[in-house]
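Enquirer: The structure follows.
Derivation of every value follows stated rules applied to the coordinates shown; laboratory data play no part. Keep in mind that this is a model prediction, so the values were computed, not measured. Positions of Cβ are generated from backbone atoms using ideal geometry, with glycine treated the same way; all protein chains shown enter the neighbour counts.
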Amino acid sequence: MRIVIAEDDALLREGLALLLRAEDLDVVATAGTPGEFLVAVDEHAPDVAIVDVRMPPTHTDEGIVAAVEARRRRPGLAVLVLSAYVEQAFATHLFSVGAVGLGYLLKERVGRVEEFLAALHRVADGGSVIDPEVVAQLLARNRRTDTALSELSPREREVLGLMAEGLGNSAIAERLFVTDGAVHKHIRSIFSKLQLPPDDRADRRVTAVLRYLDGDRR
Amino acid sequence: MAYARGRIRASVDALEYLVGGLGTATLALGALLWAAIVAVTCLIRVGLPAAPGALRAVRRVADRERSRLSRWGEAIPTPGPVPAGLRTAARDPFVRRELGWVALYSLIGLVTGLVGLAMPLYAVQDITFPLWYRLIPADFGAPGIVWWRIDGLSEALAVGLLGVGWLAAAIWFSPALARLQAWPGRWLLPPPPGVDLSLRVAELAATRAAALDAHAVELRRIERSLHDGTQNRLVAVNVLLGAARRALHRNPDRADEILGQAQDAAEQALGELRTVVRGILPPVLDDRGLAGALAGLAGSCVVPCRLEVDVAVRCAASVEATAYFVVAEALTNVVRHSGASRVDVAVRREHGRLLVSIEDDGHGAADETRGSGLTGIRRRVEAYDGRMTLTSPPGGPTRMDVELPCGS
């Protein structure tokens, strides 16, 4: 797995590189600015990019903009965005181009190395990862604005939340202490309530997750 | 002695005040005559078109008196233009009170002004009379008193004594006269109760908005330093601790090394936190002002530092704190990286901007991207809509110029 890190804080950048290299992951380049990051993406053809939201010059959403641009230049690129805090507008902007191979995590999760590595692999494999904190906030808000979402039962909302975190069926079953079959039933019910018919062109799980993030544009 | 000096100063102030009042009283008399003529001609309808103009003239004179009184005591807000249309204007509470004022003041203001001016003039004339009484015929009498025949020095001296009396009267009565002169304006020119509030509210809202703006800028700056500095350091500590825990089982030596890095990062976080806290408002600024605080910085700098501060008026606390921060960070950089043997710091205020320059004779090649304090300086300056330019060719010298808006 070839990784590029874009983080303007030198110490954190080196810390991340050290952590990943210690896990025998291939950090091919690190960048301190969005410009350097895009050059590194063009040059090193990475599989995954880890990108900080706040980058120079204005330290607002440069990281998100750069991540979206990098995905445009290199469509298969998986991107894991790290943020110091939950900013829903940024998350929505990020996921507006699709959720395949995309992740949005709070920076503090990196310290839980196993979970961080799992998230990294999930994103690299084309899955999506959304920080539990983001999911909780979106769920609380979208329940009020999205009538389809409001029809979900509490259990179904819980399942959808875990799907948004990027968990698979068996992981969700484990988390909720139910059988795989029960999770499968919940997910079918969610798809039907959100009116997502079986369709091989779109991943229904991803579409359901996106439904969360779509709240403000409806 | 001190009492006498205070009395004399008060009477000199009062004299200046009375003369100024004489000016507005003369204008008021003019406005009153004009208004009276217009009013009389209005009775035969000829004057009607001129009426709004007359009211505006009264308003202009009243505004002049308002600003004069505001300079001497509690501020009197101005009500703005006279409402258009004669009917609305006639109902305007300001217009009615101003018409009353112009009548009262053209009498009281004029009389008090003339008396106030005459007393010191008489005093000078009478006190100096013994020096020049010989130059005028004895039949002319004493100045202003024709029936008092002056036949010799003793009578002339008596007139001089009278002058001393005038002087005493001037010193004694001028302040009271000045108060009497101000009374019509103080009574009739402030906004009537109720109207007052809306004006005050508008004024306060404007100043408060400006204060809130400055406040928001300051909060944003603190938020940024906490987010981009301290928080990132702590995240790094967290990352390194995570890495160390992973390494613990596989490679304990490596774990120790990583823990060392984590400790360094934690120390840096503490250092940054200290900088943020001190940067909010360095206590020394409060105690000694910008020049004093900078002198302290220059004095404790290891590299010899020449300081020139030319700031006559104090700037906003947040601006001074930023200037102080800039100089402190820049001097730290000079000591750590430049290899300079001297550094010049100049701070001056020009056209509502505070200009700070720091120049050293070191080897130059300062690089903003290499995690130095330069990024912090730029961020903080830009948070205030300021500008920072850095020229540092390899081989030196390095010069930093910072411009901060600090109001007028």
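Enquirer: Taking only C-alpha pairs under 8 Å that are 6+ residues apart, what is the relative contact order of chain B in percent?
Expert: Numbers: 525 pairs, mean separation 45.6, N = 408.
Here the relative contact order equals 11 percent.
Enquirer: Around A:LEU18, under 12 Å between beta carbons, what's the net of Lys plus Arg minus Asp minus Glu among the other residues?
Expert: Within the 12 Å Cβ shell, the charges total +1.
Enquirer: Here's a follow-up. Let me know the charge dipole size of the protein assembly as shown about its Cα centre in debye, to the nearest 20, where only the beta-carbon of Lys, Arg (+1) and Asp, Glu (-1) is charged.
Expert: Once rounded to the nearest 20, the dipole reads 2680 debye.
Enquirer: Then there's this: Which value in nm describes the separation of the simple spin-label points at A:ASP26 and A:GLU115, placed 7 Å from the Cα toward the beta carbon?
Expert: Simple spin-label model gives 3.0 nm for this pair.
Enquirer: Taking the simple approach of a point 7 Å from Cα along Cα-to-Cβ for both A:ARG2 and B:VAL146, what is their distance in nm?
Expert: Going from the A:ARG2 label point to the B:VAL146 one covers 11.7 nm.
Enquirer: Same structure again: What residue among A:SER83, A:SER189, A:SER128 has the largest mean-square fluctuation in a Gaussian network model of chain A, using Cα springs under 10 Å?
Expert: Highest fluctuation of the listed residues: A:SER189.
Enquirer: Moving to a separate point now. Below 8 Å between Cα atoms, with a sequence gap of 6+, how large is the relative contact order for region B:308-365 in percent? Write down the numbers at each step before the final one.
Expert: Numbers: 61 pairs, mean separation 21.3, N = 58.
Reported relative contact order: 37 percent.
Enquirer: Okay, moving on. How big is the charge dipole of chain B about its Cα centre, in debye rounded to the nearest 20, if each Lys and Arg gets +1 on its Cβ and each Asp and Glu gets -1 on its Cβ? Before the final figure, lay out the partial values.
Expert: On the way: 45 positive and 40 negative charges, 274 e Å.
For this selection, approximately 1320 debye.
Enquirer: Right, here's the next one. Kindly express, to the nearest 10 degrees and within the range 0 to 90, the angle between helix B:283-300's C-alpha long axis and the longest C-alpha principal axis of chain B.
Expert: Its long axis makes an angle of about 50 degrees.
Enquirer: How many nm is it between the label spots at B:ALA10 and A:GLU43, if each spot is 7 Å from the Cα in line with the beta carbon?
Expert: Between B:ALA10 and A:GLU43, the label points sit 8.1 nm apart.
Enquirer: Within the protein assembly as shown, which cysteines find no other Cys whose Cβ is under 4.7 angstrom from their own?
Expert: So, B:CYS42.
Enquirer: Of B:PRO394, B:PRO52, B:PRO191, which has the largest mean-square fluctuation in a 10 Å C-alpha GNM of chain B?
Expert: B:PRO394
Enquirer: Once you sort the root eigenvalues of the Cα gyration tensor of region A:1-45 as a ≥ b ≥ c, which label holds: rounded (a/c under 1.5), prolate (a/b larger than b/c) or oblate (the other case)? Write down the numbers at each step before the final one.
Expert: Details: a/c = 3.86, a/b = 1.20, b/c = 3.22.
In terms of gyration-tensor shape, oblate.
Enquirer: Right, next: Say a site is exposed when it is one of the trypsin sites (Lys or Arg not before Pro), sits in a DSSP loop, and has at most 16 other Cβ atoms within 10 Å; what is then the longest site-free stretch of chain B? Don't jump to the answer; show the numbers that get you there.
Expert: On the way: sites that count: B:ARG45, B:ARG149, B:ARG314, B:ARG342, B:ARG370.
Here the longest segment lacking exposed loop sites spans B:150-313.
Enquirer: Under 10 Å, Cα contacts only: if you run a Gaussian network model on chain B, which one of B:LEU331, B:LEU157, B:LEU27 comes out with the highest mean-square fluctuation?
Expert: Evaluated over chain B, the most mobile residue of the options is B:LEU157.
Enquirer: Counting only helical runs of four or more DSSP H residues, what would the 222 nm mean residue ellipticity of chain B come to if each run contributes -39,500 (n - 2.57) and the total is spread over all its residues?
Expert: -23000 deg cm²/dmol
Enquirer: Which FRET efficiency value, to the nearest 0.05, do you get for B:ARG60 and B:ARG87 by plugging their Cβ-Cβ distance into 1/(1 + (r/R0)^6) with R0 = 22 Å?
Expert: Approximately 0.55, to the nearest 0.05.
Enquirer: Also, I was wondering about something else. Loop by DSSP (not H, G, I, E, B), at most 16 other beta-carbon atoms within 10 Å: where is the longest site-free stretch of chain A for chymotrypsin sites (Phe, Trp or Tyr not before Pro)?
Expert: Looking at chain A, A:86-176 is the longest stretch - no exposed chymotrypsin sites (Phe, Trp or Tyr not before Pro) with at most 16 other Cβ atoms within 10 Å.
Enquirer: Can you give me the C-alpha center-to-center distance between region B:38-117 and region A:1-44, rounded to a whole angstrom?
Expert: Measuring centre to centre over Cα atoms gives 76 Å.
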